[in-house]
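Have a look at the structure below before the remarks.
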Amino acid sequence: MKIWHTIAASVFMLWSVAALAGDNIPADNQATLDAAKVPAYPGATFCTGSPTTGMRLATSDSVEKVRQWYRDQLPNWNTYKEYGGWILYAGSKGAKVEDIFSSFQVSVAENPELPNWHGLSSDMTTEIVIALLEPPQ
């Protein structure tokens, strides 16, 4: 009987740790997203990042579904699609690359390494990178 208590306690502890490492975006990151009025994709799992360097989220939803959701949420942002990449950015259409990379941006791509890098389930391969960098003054 004691072994089952130990197993039950271990499973509960592992689920608790997984919950902390998962969907919960740290408060300082969430405050940055809120201030910038950039939403986190619903149900996405926080992987890594900070308010000053940006953050990486993961989801099992398709790349196209996530891209469309961000287009709908940020309708005044423009899309940069070059060299196989996709970036939604806050800036004028046709902006120079250096201006795009120094603006608020959301990048969505397939990344089959996410599960290995962050201990995620094998279907969580859609990567969302949010960078909220202020343009140079």
Taking region 119-133 as the search range and keeping residues that are surrounded by fewer than 17 Cβ atoms within 10 Å (Cβ to Cβ) and of a type outside the set (D, E, K, R), which one is farthest from D34 (Cα to Cα)? S122
All conditions in (1) in contact with a helix residue (DSSP H, G or I) (Cβ under 6 Å, 6 or more places away or on another chain); (2) modelled with pLDDT of 95 or more are true of S62 except (1)
Restricting region 30-89 to residues that are basic (K, R) and over 13 Å from the mean Cα position of the chain (by Cα), the residue that is least open to solvent (accessible area, probe 1.4 Å): R71
How many residues, within region 90-102, are out of contact with any helix residue (DSSP H, G or I) (no Cβ under 9 Å at 6 or more places or on another chain) and open to solvent by 40 Å² or more (accessible area, probe 1.4 Å)? 7
Being loosely packed, with under 14 Cβ neighbours inside 10 Å and assigned to a loop (DSSP other than H, G, I, E, B) is the filter here, so list the residues in region 108-118 that pass it. P112, E113
Filter pass, Q105 being at pLDDT 90 or above, open to solvent by less than 30 Å² (accessible area, probe 1.4 Å), of a type outside the set (A, V, I, L, M, F, W, C) and farther than 20 Å from W117 by Cα: yes
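The values are calculated or read from the model by the stated rules, or taken from the named source; none is laboratory data. All figures in this text were calculated on a predicted structure; none of them were measured in a lab. We place every Cβ from the backbone using ideal geometry, glycine too, and count neighbours over all the protein chains shown. All accessible areas refer to the heavy atoms of the entire protein, side chains included, with ligands and DNA or RNA removed. Shrake-Rupley method; radii C 1.70, N 1.55, O 1.52, S 1.80 Å.
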